[in-house]
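The values are calculated or read from the model by the stated rules, or taken from the named source; none is laboratory data. In this text the structure is predicted, and so the values were computed from the model without any measurement. Cβ placement follows ideal geometry from the backbone for every residue including glycine, while neighbour counts extend to all protein chains displayed. Accessible surface areas use protein heavy atoms only, side chains included; no ligands, DNA or RNA. Shrake-Rupley method; radii C 1.70, N 1.55, O 1.52, S 1.80 Å.
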Amino acid sequence: MPKAKTFFQCQSCGYTSPKWLGKCPDCGEWNTFIEERKETLSSRLDLPVHLRKSEPLHLSSIQANYSERTSTSIKELDRVLGGGVVTGSVILVGGDPGIGKSTLLLQAISGLSKYGQVLYVSGEESPEQIKIRAERLLINTEEIILLSETSLRGILETAIKLAPKAMVVDSIQTIYTEDLLSAPGSVSQVRECAAKLMLFAKRSDIPIFLVGHVTKEGTIAGPRVLEHIVDTVLYFEGDRGHSYRILRTVKNRFGSTNEIGIFEMSDSGLLEIENPSELFLLEKPVDVSGSTVVATLEGTRPLLVEIQSLVARSNLGIPRRTTIGVDFNRVNLLVAVLEKRVGLHLGGMDIFINVVGGLRIIEPAVDLGIIATMTSSFRDIPIDPRIFVFGEVGLSGEVRAVNEAEIRIKEASKIGFMKAIIPLRNAEKIKEIPKLEIIGVKDIEDSLKALFA
Ligand code: TYD
Ligand code: MG
């Protein structure tokens, strides 16, 4: 008998090697190589003839239907997708087990069922289990077809027969194609199945949602491989301890990647949160130092979030610095700026920074908030709860203008904030807003004066 040919493949990025390696030379991950068997069968995709052919076309002769978007009836999801589901697109929804991916997609597919029949393929749950969930979500329509199947061939055969308006494949890790010998969930299988589903979506114009589990390292199994195959990658995040969930775009061929959608997991499924700022500020403590509110922007949407800090004398040789939700290096930089420009002795202090609500803020407009909250905690002086701030801070302590200042200010004023401490350049351009005092500051000394006056 001839020896089975095997090779080793990185389960994170798909790099292959003839021998086992401890560290992937391509993506740098450790311990990700798994032995896989070389495929022996042909891997031609069996599509019906009318879906198989493809001819060269004049660019000018093509009618782009990408602008054709279908609403899922879930506004938060539509926004993250860039305004609805694009015909023939493949959307990967990643997230930890139990976060609510199946719930979200059952609700989405139910919204899409008003345009016709839709298909929900599950490789993980039985139709009875899905029915129980649907009852909880009060979904009861004739148009949803359930299929419990893990073979790609079977799924495609059903999809071709039914020609649904949209379909969900839950999850890509449970699906396998007979063309490959490796186990379901391995990089080769996941990649091959996703690629075939992608081809099918493009040829048939059926949009497909794929569920992708996140591995314990925090990446969708074979993340890089999948990310460049599909059109859109969404991550569903949130702590188990909290009921709200954030849907974030990581990649989108048909829209912006900065959008987020915010949901709350309730007894009867995911609810959209229309006023997230209010939710994030609900439990903000009053008269406590080390807490401040920043008007930040997530995509096109303004959000007011609380940033907390704890600055305490360290009894370690090297003080501890921990940040949750903001960039660690950015905080270190701002600590240095405060020391040098204002003379705050933060060198021997443990510093902890936390963005409330599990949000992550990457934009520099949060700088002034970090400066404010650290100073407040260090001096143990609370910041007036009616104040909010934003602004980028430079190395010489200057406060720089940020984009979309007006949107941020309006959102804050809507919620009832009364005093804005913002970059001078932004303040000069803002028209007066009733019941809101706007203080433009040019450097951090100015800001601290305004904050602790
Ligand atoms: P699920 O969608 O099965 O998660 P995933 O597909 O990402 O693994 O959701 C699982 C959790 O959501 C489960 O712990 C129960 C909870 N849940 C609710 O709180 N309310 C609901 O209406 C539903 C359907 C689920
Ligand atoms: Mg699930």
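Observations
- DSSP bridge pairs, the chain: antiparallel proportion in percent, nearest 5: 55
- For region 99-168, the convex hull drawn through the C-alpha positions has a volume of 79 cubic angstrom per residue.
- For GluC sites (Glu not before Pro), the sites in region 384-453 that DSSP calls loop and that have at most 16 other Cβ atoms within 10 Å are 404, 432.
- According to the Cα-based calculation, Rg over Rh for region 217-312 is 1.04, with Rh computed by the Kirkwood formula.
- Close Lys pairs in region 310-453 (alpha-carbon distance under 19 Å; sequence gap of 8 or more, or different chains): 15.
- Using a cutoff of 8 angstrom between alpha carbon atoms and counting only pairs six or more residues apart, the relative contact order for the chain works out to 12 percent.
- Angle in degrees between helix 328-337 and the longest Cα principal axis of the chain, rounded to the nearest 10: 20
- Tilt relative to the chain, helix 187-204 - C-alpha long axis, 0 to 90 degrees, to 10: 80
- In region 278-452, Cα pairs under 8 Å separated by at least six residues give a relative contact order of 25 percent.
- Within region 336-376: backbone nitrogen closer than 12 Å to the residue 313 label point (7 Å, Cα to C-beta): 348-350
- In region 137-258, Rg over Rh equals 0.97, where Rg is the alpha-carbon radius of gyration and Rh the Kirkwood radius from pairwise Cα distances.
- Estimated translational D of region 275-362 in µm²/s (Stokes, Kirkwood radius over Cα pairs; 25 °C; 0.890 mPa s): 173
- On Cα atoms only, tilt of 367-379 relative to the major axis of the chain in degrees: 50
- Short to long, the 20 Å bins of the Cα pair-distance histogram for the chain hold 22, 45, 28, 4, 0 percent of all pairs.
- Inter-centroid distance (Cα atoms) of region 227-263 relative to region 351-365, Å: 18
- Working from Cα pairs under 8 Å separated by at least six residues, relative contact order for region 70-274 is 29 percent.
- Per-pair calculated FRET efficiency, R0 = 30 Å: residue 148 and residue 205 via Cβ, rounded to 0.05: 0.75
- With the convex hull of the Cα atoms taken as the outline of region 70-274, the averaged projected area works out to 10.4 nm².
- With every protein chain in place, region 70-274: carbon and sulfur % of accessible area (1.4 Å): 50
- Applying a 4.7 Å Cβ-Cβ cutoff to the chain, the cysteines left without a disulfide-compatible partner are 193.
- With a Förster radius of 45 Å applied to the C-beta separation of residue 31 and residue 274, the computed FRET efficiency comes to 0.55.
- Relative to the globular-protein estimate of 2.2 N^0.38 Å, the Cα radius of gyration of region 284-416 stands at 1.01.
- For the chain, the solvent-accessible area with a 1.4 angstrom probe is 48 square angstrom per residue.
- Pairwise centroid distance, computed over Cα atoms, of region 272-317 with region 377-453, Å: 15
- When shorter helices are ignored and each DSSP H run of at least 4 residues is given -39500 (n - 2.57), the per-residue value for the chain at 222 nm works out to -8000 deg cm²/dmol.
- Note on residue 320/residue 60: beta-carbon distance plugged into 1/(1 + (r/R0)^6) with R0 of 41 Å gives a FRET efficiency of 0.10.
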